[in-house]
Amino acid sequence: MKKLQDQPLVSFIIATYNRPNDLRESIQSILDQDYRPIEIVVVSSSTDDSLKLFSEGGPLDRDCIQYHHFSERMGVPKARNIGYQHAKGEFLVTIDDDATLPDSSATDEIVCILNERDKIGVLAFQSRNYWTGELIRMEIPNPIEFGTPPSKEYATTHFIGVGNAIRRSSLKSAGMYPEHFGYGFEEMDLSLRIFDAGYDILYTPSVVVHHKKTSKGRRPTLEVRERQIENRIKLTVRNLPWRYVFFSTVVWSCYWLLWNRMAISALFRIYRRLFEQRHHLLAERDVIQPETIARFKSNSDMLYFWCYGPHPRRLVSKLRDGYYFQIAPR
């Protein structure tokens, strides 16, 4: 049995906005973890009384909790990046502020897996509905091997932001989240770069988060849908050869116009923002290695989907699950 001082520090990162009750429950589920040592880093731009939870004598006034408040409302990627910068742990666990860890041994499981398999850069957790316990399929990454059930551990090519653990060394190699994404596809962007840095991503159903999907504090649905298109295009501009950028722009613009009945004017707003950001995006452009692209394409997984459109087998599966039509506003 390792002594406490020999155990790696695990840092929990929570970005929050105006959900004090959910936040308190989320943090309590972390404090209830059996594993030590831990620290909790909260990054907030809340305009309510959340600060009182962490003030001297407050219910969350703990030595292991850091609370960082910012007056501007920032996107989730920027808030998480700030949390990573303040965290000191070797392993960085992120969960949403309206999610909890129902199993007190979850952190022990995370540390065990990451200690034993040093090629794993990210662990993707299983997400279940807080109220019903039902699996939230759209918050679980696709398996590399088509048809693998979500009850089994499997290698994947991306992770979801609701619950995950990142090895600090993989984050150092890949870089942090693209802050200007605001919301949507920041995990996809980071997944590409983590793979390109030589790390793997593992979906592990043995670590579960219960997600409330609280509506309070989320962005309007139209804004989210616009960002979905915009950030898909940004992802390709930042990471992929130009042929993918062109194809992705055309395919996904048509796709979202068709399925979301979004006005042409909204699409023009997206293109205008992309044009205004062109110099910044081109300065960030760092195309991943051809070997990494080949690896994604051979799996008919995330890269194939985002850049070529749905693989026929995956299209049938995702249409059956209603995946394409479930957009959670934030």
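The values are calculated or read from the model by the stated rules, or taken from the named source; none is laboratory data. None of the values given here were measured: they were computed from a predicted structure. Ideal geometry is used to build each Cβ from the backbone, glycine not excepted, and the neighbour counts take in all protein chains shown.
Is it fair to say Ser170 is modelled with pLDDT of 95 or more, more than 26 Å from His279 (Cβ to Cβ), of a type in the set (Ser, Thr, Tyr) and under 16 Å from the mean Cα position of the chain (by Cα)? Walk me through how you get there before you give the answer.
On the way: modelled with pLDDT of 95 or more: yes; more than 26 Å from His279 (Cβ to Cβ): yes; of a type in the set (Ser, Thr, Tyr): yes; under 16 Å from the mean Cα position of the chain (by Cα): yes.
It is true that Ser170 is modelled with pLDDT of 95 or more, more than 26 Å from His279 (Cβ to Cβ), of a type in the set (Ser, Thr, Tyr) and under 16 Å from the mean Cα position of the chain (by Cα).
Could you list, in sequence order, the residues of the stretch 161-186 that are in a loop (DSSP other than H, G, I, E, B) and in contact with a strand residue (DSSP E or B) (Cβ under 6 Å, 6 or more places away or on another chain)? First the steps, then the outcome.
Step one: of the stretch 161-186, the residues in a loop (DSSP other than H, G, I, E, B) are 161-162, 175-178, 182-185.
Result: Val162, single match.
Annotation: of all residues in the stretch 138-158 being touching a Phe, Trp or Tyr at 6+ places or on another chain (Cβ under 9 Å) and more than 19 Å from Ser191 (Cα to Cα), the one that is surrounded by the fewest Cβ atoms within 10 Å (Cβ to Cβ) is Lys152. Only residues that are over 15 Å from Leu282 (Cα atoms) and within 22 Å of the chain's Cα centre (by Cα) were counted across the stretch 237-256, and they come to 3. Among residues that are crowded, with 19+ Cβ neighbours inside 10 Å, closer than 21 Å to Glu291 by Cβ and in contact (Cβ under 8 Å) with a residue 12 or more places away in the chain, Asn164 is not included. Only one entry in His210, His158 is part of a strand (DSSP E or B) and more than 17 Å from Leu114 (Cβ to Cβ), namely His210.
Scanning the stretch 127-136 for residues that are touching a residue at least 24 places away in the same chain (Cβ under 8 Å) and either surrounded by 16 or more Cβ atoms within 10 Å (Cβ to Cβ) or under 12 Å from the mean Cα position of the chain (by Cα) (or both), which turns out nearest to Arg168 (Cα to Cα)? Don't jump to the end; show me each part of the working.
Kept after step one, since they are touching a residue at least 24 places away in the same chain (Cβ under 8 Å), are these residues of the stretch 127-136: 127-131, 133, 136.
Imposing the further condition that a residue be either surrounded by 16 or more Cβ atoms within 10 Å (Cβ to Cβ) or under 12 Å from the mean Cα position of the chain (by Cα) (or both) reduces the set to 127-128, 130, 136.
Working: Ser127: 23, Arg128: 26, Tyr130: 29, Ile136: 27 Å.
Among those residues, the one meeting the criterion is Ser127.
Restricted to helices (runs of 4 or more DSSP H) entirely inside the stretch 224-330, those with at least 2 residues that are of a type outside the set (Asp, Glu) and at pLDDT below 80 are 242-260, 290-298, 302-308, 312-321.
Can you name every one of the helices (runs of 4 or more DSSP H) wholly within the stretch 5-89 that holds 1 or more residues which are in the same structural domain as Glu187 (by TED's automatic domain parsing), of a type in the set (Ser, Thr, Tyr) and touching a residue at least 12 places away in the same chain (Cβ under 8 Å)?
On the way: elements: 20-31, 51-54, 76-86.
Here the list reads 20-31, 76-86.
Looking across the stretch 72-125 at every residue that is of a type in the set (Lys, Arg) and in contact with a helix residue (DSSP H, G or I) (Cβ under 9 Å, 6 or more places away or on another chain), the one that is nearest to Glu179 (Cα to Cα) is identified as Lys78. Within the stretch 98-126, being over 19 Å from Ile194 (Cβ atoms), in a loop (DSSP other than H, G, I, E, B) and over 18 Å from the mean Cα position of the chain (by Cα) holds for Pro102, Asp103, Ser104, Ser105.
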